[in-house]
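The values are calculated or read from the model by the stated rules, or taken from the named source; none is laboratory data. Computed from a predicted model, the values in this text were never measured in an experiment. Reconstructed Cβ throughout: ideal geometry from the backbone, glycine too, with neighbour counts over all protein chains shown. Ligands, DNA and RNA are excluded from the accessible area calculation, which covers all protein heavy atoms including side chains. Shrake-Rupley method; radii C 1.70, N 1.55, O 1.52, S 1.80 Å.
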Amino acid sequence: MLSCLRYRALSPARHILCRFASDAPASKPAPRPFIPTVFELDGHRYTPDSNFNLSPAVTRLFNRKLLTEQGNPLKLIRDRIVEHMHANHRARGNRSPRFTVCENLPRVVSLFDNFDSLLTPADHVSRRPSDTYYVNKDYCLRAHTSAHQYSLLKQGFDAFLVFGDVYRRDEIDRTHFPCFHQVEGVQIYSSEDLFGVQQPGAEISVFDTSDRTALKQAGHTQDTVTVLTLRLKSTLEDLCRALFGSNIEMRWVDAYFPFTHPSFELEVFYDGQWLECLGCGIMEQELLRNAGAGDKVGWAFGLGLERLAMVLYGIPDIRLFWSKDSGFLSQFKGLQPGDDYKYKPISAHPQLYMDVSFFLPEGTTPDNMRANAMDLIRTVGGDLVEQVDLKDDFFHKKKNRHSQCYRIVYRSNEKALTKEEVNAIHGEIADLFVANHGCVIR
Ligand code: PHE
């Protein structure tokens, strides 16, 4: 959990590289950058230094944890991916799932994990403070789930999926937000995993002494590249078909990542354009060697969950994933990971809600009442009713009567409703519960 314990202001001079004598003092002083003395996240403590560049706009996102929020489309897509991978990728013997699912890994990672272990060049753009959120000179917020590759390999995992929120100082538009979510997939193979049990005298080699080319790494045989690429691409194409159905249009594009070669991106056609959904490739052998798995070869992919969920559910804007508006959340609340659903745009006008509570007449079952209540509310409220929730449903022992309470959320697509307008509708609904169904308003 995040807690910025105490904040101290950096001396402004440290941030002003050059000041001219003629500079008139600004009428309003510029806001001072604040740097906490201690920064705590996910149970770990760090000491910020002058590299600290996290803004409140980012720190306030830490506690939300969308991937664990029931009814968030990101959680649904996470579940759908795990179900597909577990069902279709089995360890030898076909019983246990092959991929270990890793979640809740600390979101602050060392620069070594985020960059160096992944062979990111010292002058790579992703290291710029304008691209990455730094806690201090040694630690940053993970900018991708690849930041966990090295340590998981080192711990001995051969196949894993890492889900998590990642942070980038990025452009702002309808597909970019400072925090988004990824799943990393890695699988490494022994020679036998790749080519089966070898026939003596007719072995297929994983490694040779060949040079690096535009198409492969030094030391990988053509067979290794062919089989790994095939397995990687078919794993991802199968996953995308499981998510989007067999009619989805996909295309592979060549790409560059410091930690894979060759590298690819998969694009999916959505809403009239090609949307980049994932990056992947054959893992750099140097990374595997450094992590103590140099005798194996493997592939890795990183997939953007928001992008996939936007395509799958027709969600037009990335900010909606963070919405607390029940008009958004209620649409996904009852869905199963396998359900197909298209998002219905919610109104920009504010919601108003009111409760109606009553005792049921004798002889009416709670289920029947519920069905009748939905009809009645819909009939009277029409399109102005956005949601109805049965908030309370219990047997009142003293009164020997069953009681229910409905919360009705009113909202118009056309205008902001006034309290008076809603009162009138709500009053009519309450009256009809009495007149048509014999309820006793509480
Ligand atoms: N980490 C890359 C990104 O965030 C994606 C990626 C993962 C690419 C694994 C290759 C292999 O863009």
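Among the residues making up region 180-230, a single one is open to solvent by less than 20 Å² (accessible area, probe 1.4 Å) and among the aromatic types (Phe, Trp, Tyr): Tyr189. Residues in region 293-315 that are near the ligand (Cβ under 10 Å from one of its atoms) and either without any contact (Cβ under 8 Å) to a residue 12 or more places away in the chain or over 16 Å from the mean Cα position of the chain (by Cα) (or both): Trp299, Ala300. In region 360-371, what residues are under 23 Å from Gly427 (Cβ atoms) and in a helix (DSSP H, G or I)? Hits for region 360-371 are Met369, Arg370, Ala371. Filtered by the rule that a residue be surrounded by 12 or more Cβ atoms within 10 Å (Cβ to Cβ) and not in a strand (DSSP E or B), region 384-414 gives Leu384, Arg411, Ser412, Asn413.
Scan region 147-157 and give yes if some residue there is under 30 Å from Ala91 (Cβ atoms) and under 15 Å from the mean Cα position of the chain (by Cα), otherwise no. Scanning region 147-157 turns up no residue that is under 30 Å from Ala91 (Cβ atoms) and under 15 Å from the mean Cα position of the chain (by Cα).
In region 353-371, which residue that is among the β-branched types (Val, Ile, Thr) and surrounded by 14 or more Cβ atoms within 10 Å (Cβ to Cβ) is nearest to Phe433 (Cα to Cα)? Here the residue is Val356.
Right, Met374: in a helix (DSSP H, G or I) and surrounded by fewer than 17 Cβ atoms within 10 Å (Cβ to Cβ) or not? Considered against the rule, which asks whether it is in a helix (DSSP H, G or I) and surrounded by fewer than 17 Cβ atoms within 10 Å (Cβ to Cβ), Met374 comes out as yes. Would you be able to say whether some residue in region 126-137 is within 30 Å of Leu312 (Cβ to Cβ) and buried (at least 17 other Cβ atoms within 10 Å of the Cβ)? Within region 126-137 (the criterion being within 30 Å of Leu312 (Cβ to Cβ) and buried (at least 17 other Cβ atoms within 10 Å of the Cβ)), the answer is yes, since at least one residue qualifies. Remark: pairs (first residue in region 198-226, within 20 Å of Leu287 (Cα to Cα); second residue loosely packed, with under 11 Cβ neighbours inside 10 Å; Cβ separation under 9 Å; 6+ apart in sequence or on different chains) = Ala218/Thr209; Ala218/Asp211; Gly219/Thr209; Gly219/Asp211.
Please tell me if Ala348 is loosely packed, with under 12 Cβ neighbours inside 10 Å, part of a helix (DSSP H, G or I) and either within 16 Å of the ligand (Cβ to nearest atom) or hydrophobic (A, V, I, L, M, F, W, C) (or both). No. Within region 167-179, how many residues turn out to be within 13 Å of the ligand (Cβ to nearest atom) and surrounded by fewer than 21 Cβ atoms within 10 Å (Cβ to Cβ)? Qualifying residue count for the region: 3. Suppose we filter region 300-322 for residues that are assigned to a loop (DSSP other than H, G, I, E, B) and either in contact with a strand residue (DSSP E or B) (Cβ under 6 Å, 6 or more places away or on another chain) or at pLDDT 90 or above (or both); how many remain? Residues in region 300-322 being assigned to a loop (DSSP other than H, G, I, E, B) and either in contact with a strand residue (DSSP E or B) (Cβ under 6 Å, 6 or more places away or on another chain) or at pLDDT 90 or above (or both): 2 in total.
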